[in-house]
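The next block holds one structure in the form of structure tokens; read it before the comments.
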Amino acid sequence: MNFEGAHARTASVSGMAFIDELMKNDMYDEGEHPLTHAGIPVVLVGPGVNEQRAAATDDTGAFSFTGLRSGDYQLVVNVDMTVAAALAANDLAYGGPGTGYSINLGVGESASQAIPFDITHTTVNFSVSLRHGDEAGAALPGATVTLYGANDARVGTGMTGDDGSVAIKVARAGTSGNMVMAGVSAEGYDVADGMTDVSWNPQMFATEGSNDNDIVNLNVDATVSGATVTTDYGGGDALGGWALSVMSGGAAVAGAPAELDTAGNAAFMAAVAKADLPVTYSFDVADDQDDSLDGGESFEGNAVEYTHTGLALAGTMDAGTIEVRYTTQTLRVSVHNERDQVFGFTGNIQGGDGGHNMNPGSAAIELEVEYQAGGRVHSFESDEWDADLNTQYSSDRFVRGPNGDILVMGHRGSSRMVVFRHLPAEENIIVTASVMNGQSYMVLDKAPHNDALETFQNLEANGVMGGAFGAQGGFSPLVSLCPLQERNPQNFNSCSSFAIVNTYTVTGDVSMVDVGMARSGDGFDVDEADDPSFVRDITVSLTPKEGENFGGEAASFTTTRYNDDDETPDPRTAFEFEDVAAGVYSVGRPSGWGASVTDDDGRSTVDPLGSDVHIAIRPSTYTFYGHVRGSGDHVVSDATVTVNGVSTTTDEYGRYILRGVNRVYYYDDDDRKRGFIFSAGGEGQQPKVDSVEAAGYASANSPKEHNINLAGTGTFATVSGTVRASGSNAPISGAKVEVSYSQPGEDDEWVAPANPNAKSSRTLDANNIYLTGSDGTYSVRVEAQDLGEFVSIRVTKRGMSFQPPVRSYVPAQAGANNVGIDFTGYLVATIVGRVQAPGGGPLEGVTVTATSLVPDSEPADTETTGSSGVFSLDVPSNASYQIALVRAGHNFKFPVRYPSGIVYAPEGETVNMGTIEATTAGALSVRAVRIRNEDADDGGFDESQSWSDNISVTYTADDDNVPDGYNDATYVIQTNTGAGGAWTTATGTDARETADAANFFRFTIPNPSDNAFKVRVVGTATHTDGTTESLTFESNEASVAAIDPSATGVMARRQAAADSDAASASGNFIRASWTAVTDGESDFRVVAQVDSDAHGGLVWIVLADATATDRAAVSADISGGLASAAVATASGTGATGAVTEEELAAAISIAVESVQGTADATDDGPKWKPSAAVSLAARTSGS
């Protein structure tokens, strides 16, 4: 069998796609790039007519066919519509023959065929920027770039983006020489003639180019601003209205703005010639400014320059900020007389402080202006700063200089102000206040007050306002020293720098009217009132009261025994404190001594000190003396005499003297009196007790004779024993021992024993308490009883019970000594629990008692629950008790463990009953709120900002939760305005008519009071028998706040007309707006704080009255000023006076005052209440 080699499948065909742009000859030449594009379809047809193989290029652009027989083949690029579109999207087109390529293969031969592709388009990335010669500027967005090809035909156009570039795709068929010409146009810019050549590598898809011709901006558009210099303390204030100088090339620029606007800005626009580029402009403030702008002070401005190169994009350029530094400044200093001892110049607190007249000839205070340098304080030389020419008082009219010019004018402020003009701003200025010789004043110099103020450091503490001096200054023409300006609590808001107080002389004397034992006989020697005794070592002090005395210093004096140097005043009896500052003082003296303070007119003025005063120091206690006698009027020696706790014993003549006795309160037949309780007794005698009311009987510092006769006083018996603990037999100390003199069949009345060592009592027939000692023993005296009569003894101590509870039938005949009256103590048991209110939470006010089950027993303990609802009962141990709970209108359910409320209480243990639940038919969760109106939505006043005529009351109640035998409860709403505390029933719908949910009710009270009031719900349950008293259930009290129409969100502006919608800094109308929640009784007025000549300085005046609905646009016309402006006072209006237009056009403060009702001067009447004040800038020129 024979085979032909032509059938062997060993031949192959391969090739690659390439870009045929170098030679354009459909042949793959050296240097031409392969087309690295995968997926281009190729088909090999043959050798038979119906034989074909398909392949595609890989990502390198290559393809191959293997395993071929020998024969004739046709290699075809299968470019259908889809392939053609894909190629076009990549700027490519097939460049070979449509029929493909013929290939003859022998056995085992390999053939290769390159397939050409053409680039159809070139992307030109063209950038445009401003250019002037060799200088390049900003990239130019919005420029139009046009590309021209063969025969100057336009082949593409586009507009540059934000980065100044544009990409334009050009069909190569419309170009020649692999290049285009680019032309640029830009609106608003000067573009030089000419085009730019842009060429490309034919094998590359894109190229780059940029404009070669000049493009410049010839329109100057610049802004400049002006502000004061900025320091750490302040500055940066706009130079609104300041005159402006604009220069270029040494000449003023025509058409340039003449001044800065109200915000301190100016806009400058001009057109320049290209030949003049670059052009430089200089901006500065003019050397001469209106005094209303620079305060008449000197300043330096730093000019700013703007150079227009034409290489910046069109638009407004910031030329910078002209900074002005004042080289001289005005300093304002004020002085006030501190009268109310409330910090600051508080002109309407406690009568108010007063301004001190600083005009020459009237002032008691002098001010000195100096400066600090090199760590030392220096005075100004006249060539540095002339104080005589530059110090202004309100009384000044003018001072003429050598040439007749007016150099100084008086200021418009109050008489308490001194103004220092033209002080060097860079100096560290210090102002010192001192008292002139011979003046009875003191400059306060204790924190927070100072007698020297710095304007350059510690600015807040020194009250530096408006500006400053030294390194922190230069940014304001006016500096004020206001460390004593107080805004709270009374919003007086007046500047004060120094405070002074008056000084006075305080004198005094010390003496007492005394009594002594006569040197012979049994009498007494008593001082005459006009010849008292000297008392040495009595110290008298004057101490300033914290918070009510700013200038006072403590002073003290101690009486001496001798006046060795014949001093005046005599140190044995008298003292003198000089230069004592006004204020409140406490007068210190030993216990038992009083101080009587009077001025020359007999008035007490130490609280506060307001004049020269004299202080008389005298004993405030009482002195008693006398004799103690017995039967037959014989003297009783060694008797103990006690008056109000002060005791002594009589001498051999029966005499006694008691000093230092204070009055005490005591009861006489339930009448509370104040006086003296005398007790005297000898050994073995019942003390005799007597009382005397002080009024009309004795006077302090006036010895009173009081003789005591013990004839007929009774005797006593003694009872003693020991109290021990059960089990341990340990002694029980601190147990109270009491005695009852009631006889069998009478109710016991327990009183303290008659022991003289027992403490004094509020009653005359008992000496209060007697306690067992540390060994548990006691020994008490009892009043002697007749034969056959007895006393009873008992002991008590908290936390314990005793057996026997009472020792009865104890003999107490005179002189008897009954021993062994002993007791045994047991620790009590404690029963605790918690009472839960209806609906949860603790229940307060429940009376809880524990009563023994032994018949006829009294309650063992009772307690009323507090806010926690917890009770704790101490009861004698080892017994069972019935627990009972009582609170009006409530029922109680015991826990399951104690269903009937019976509890056994073991000794020393605590039994916890748990939670006892309370139920009630009373109203709970009572709430009451005012209701706002709904907005009418008519575009006018928002009615939701006003109160309606109703109060909404809500509560919960279970009307059938009543004790057995009572009908369901009914309810009424009551209100209480606080006037007399009376509750009245509100009118309106039934209290249960509206039910929002089960047991939840809503009720409306019409026409409520504008003032605060209380609301409660009162339930009533009648008894089913019709005769038993009904039960009443009073709910908790809900509070309804008073209507407060206080204005908030206050805004103020100047505007051109009353109904203007926009602000105008030069307008003649002042507009105020605010928000408030009101009703028909609410009223408002707009007030302004102005510096008024007619009113004597800063004052709040009524600018405009308003109504409750006038809060959107209340305006006042200030044209011509106000002929009769009233001072705003809390109770209405005060004095009237003219306020000029200029005063209202200055920088002022605006507030809105509100009142509910009609303001009046009564203590409890409505008062005008101011809002927070807002600042209103001065009106600008042009008005």
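None of the figures in this text is laboratory data; all of them are computed from the coordinates on show. All of these numbers come straight from a predicted model, not from anything done at the bench. Cβ placement follows ideal geometry from the backbone for every residue including glycine, while neighbour counts extend to all protein chains displayed.
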Notebook entry, point to check: Which far-off residues, 5 or more places away or on another chain, put their amide H under 5 Å from the one on ASN709, with H placed in the peptide plane?
Noted result: ARG629
Notebook entry, point to check: Using unit Cβ charges (K, R positive; D, E negative) and no other charged atoms, how large, in debye to the nearest 20, is the dipole of the chain about its Cα centre?
Noted result: 3500
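Kindly work out what percent of the DSSP beta bridges joining two residues of region 271-383 are antiparallel, to the nearest 5. Write out the running numbers ahead of the final one.
Details: 15 of 15 bridges.
So the antiparallel bridges in region 271-383 amount to around 100 percent.
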Check: What percent does the relative contact order of the chain come to when contacts are Cα pairs within less than 8 Å and at least six residues apart?
Finding: 4
Check: Please state the Cα pair-distance histogram of region 716-826 with 10 angstrom bins from zero: what percent is in each bin?
Finding: 15, 48, 32, 5
Item checked: Fraction of antiparallel bridges per DSSP, region 219-325 only, in percent to nearest 5 -> 75
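Take the alpha carbon atoms of region 122-216, find their radius of gyration, then divide it by 2.2 N^0.38 Å using N residues; give the quotient. All intermediate terms of the calculation are to be shown ahead of the outcome.
Numbers: Rg = 12.7 Å, N = 95, 2.2 N^0.38 = 12.4 Å.
That works out to 1.02 for region 122-216.
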Checklist line | Note, ³J(HN,Hα) from phi for region 540-548, Karplus 6.51, -1.76, 1.60, rounded to Hz, x at Gly and Pro | finding: 10, 10, 10, 10, x, 7, 4, x, 10
Margin query: Could you compute Rg(Cα) / (2.2 N^0.38 Å) for region 219-325, with N its residue count?
Written below: 1.11
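Can you tell me the length gained on complete extension of the stretch THR539 to ALA267, counting 0.36 nm per residue apart and subtracting the Cα distance?
Roughly 90.0 nm would be gained on extension.
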Next item on the list: Place the peptides 820-829, 50-59, 424-433 in order of packing, highest mean first, counting for every residue the other Cβ atoms within 10 Å and averaging per peptide.
Entry: 424-433, 820-829, 50-59
Next item on the list: Pop out the Kirkwood hydrodynamic radius of the chain from its pairwise C-alpha distances, inverse of mean 1/r, in Å to one decimal.
Entry: 44.7
Check: What residues have an amide H closer than 5 Å to that of GLY1134, excluding those fewer than 5 places away on the same chain, when H is modeled at 1.01 Å from N in the peptide plane?
Finding: VAL1127, ALA1128, THR1129
Note to self: Using helices alone, I'd like the mean residue ellipticity at 222 nm for the chain: each DSSP H run of four-plus residues gives -39500 (n - 2.57), total over residue count, nearest 500.
What the structure shows: -500 deg cm²/dmol
Check: Applying the Karplus parametrisation 6.51 cos²θ - 1.76 cosθ + 1.60 with θ = phi - 60° to the phi angles of region 1027-1044, what ³J(HN,Hα) value in whole Hz is obtained for each residue in order, glycine and proline being reported as x?
Finding: 10, 4, 4, 5, 8, 10, 10, 9, 7, 5, 9, 9, 9, 10, 5, 5, 5, 10
Check: DSSP beta bridges in the chain, what fraction antiparallel, as a percent rounded to 5?
Finding: 85
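Quick one: pull the percentage of alpha-carbon pairs in region 5-119 with a separation above 24 Å.
Working: 1642 of 6555 pairs.
Roughly 25 percent, rounded to a whole number.
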Next item on the list: For region 477-580, build the charge dipole from Cβ charges (+1 Lys, Arg; -1 Asp, Glu) around the Cα centre, then report which of ILE500, ALA529, SER556 sits farthest towards its positive end.
Entry: ILE500
Item checked: Estimated vicinal HN-Hα couplings, Hz - region 35-42 in sequence order (Karplus 6.51, -1.76, 1.60; Gly, Pro = x) -> 8, 7, 9, 7, x, 6, x, 10
Notebook entry, point to check: So what's the Cα pair-distance distribution over region 551-590, bin width 5 Å, in %?
Noted result: 6, 19, 26, 19, 16, 10, 4
Next item on the list: Mind checking which lysines have their Cα closer than 29 Å to the Cα of LYS688? Skip sequence neighbours fewer than 8 apart in that chain.
Entry: LYS673, LYS704, LYS736, LYS759
Notebook entry, point to check: Which one of VAL1087, ALA286, GLY1121 is farthest out on the positive end of the charge dipole of the chain, using unit charges on Cβ (Lys, Arg +1; Asp, Glu -1) and the Cα centre as origin?
Noted result: VAL1087
Note to self: Please list, ordered by chain and number, the residues whose modelled amide H lies under 5 Å from the amide H of ALA879; skip anything fewer than 5 residues away on the same chain.
What the structure shows: ALA905
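Go ahead and run the numbers for FRET between ILE769 and ARG932, Cβ-Cβ distance against an R0 of 60 Å, rounding to 0.05.
Working: r = 63 Å, r/R0 = 1.05.
Computed FRET efficiency for ILE769 and ARG932: 0.45.
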Item checked: Ranked packing of 963-974, 524-535, most packed first, by mean Cβ within 10 Å -> 963-974, 524-535
Note to self: Just want the ordering: SER792, SER852, from fewest to most Cβ atoms lying within 10 Å of their own Cβ.
What the structure shows: SER852, SER792
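State the Kirkwood hydrodynamic radius of region 757-897 in Å, one decimal place, computed from all pairs of distinct Cα atoms.
Its Kirkwood hydrodynamic radius stands at 18.6 Å.
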Next item on the list: Give the whole-number value, in cubic angstrom per residue, of the convex hull volume spanned by the C-alpha atoms of region 231-286.
Entry: 107
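How would you rank 468-477, 638-647, 1078-1087, highest first, on the average number of other Cβ atoms within 10 Å across their residues?
Details: 468-477: 23.5, 638-647: 18.4, 1078-1087: 21.1.
Ranked by mean Cβ neighbours within 10 Å, highest first: 468-477, 1078-1087, 638-647.
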Next item on the list: Express the Stokes-Einstein translational diffusion coefficient of region 882-957 in µm² s⁻¹, to the nearest whole number, given a Kirkwood radius over alpha-carbon pairs, 25 °C and a viscosity of 0.890 mPa s.
Entry: 140
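For GLN439 and ALA192, calculate 0.36 nm times their separation in residues minus their Cα-Cα distance, and state this gained length in nm to one decimal.
Details: separation 247, 0.36 × 247 = 88.92 nm, distance 8.70 nm.
Gain on stretching GLN439 to ALA192: 80.2 nm.
Tell me, rounded to the nearest percent, the portion of alpha carbon pairs in region 1068-1183 spaced more than 24 Å apart. Could the numbers behind the result be given before it?
Working: 1578 of 6670 pairs.
Result: 24 percent of Cα pairs exceed 24 Å.
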Margin query: Suppose R0 equals 25 Å. What FRET efficiency, 1/(1 + (r/R0)^6) with r the Cβ-Cβ distance, do ALA251 and ALA136 give to the nearest 0.05?
Written below: 0.25
Next item on the list: Hey, could you grab the Kirkwood Rh for region 503-619? Inverse mean 1/r over distinct alpha carbon pairs, Å, one decimal.
Entry: 15.4
Check: Which ordering of MET442, MET247 is given by a fewest-first count of other beta-carbon atoms within 10 Å?
Finding: MET247, MET442
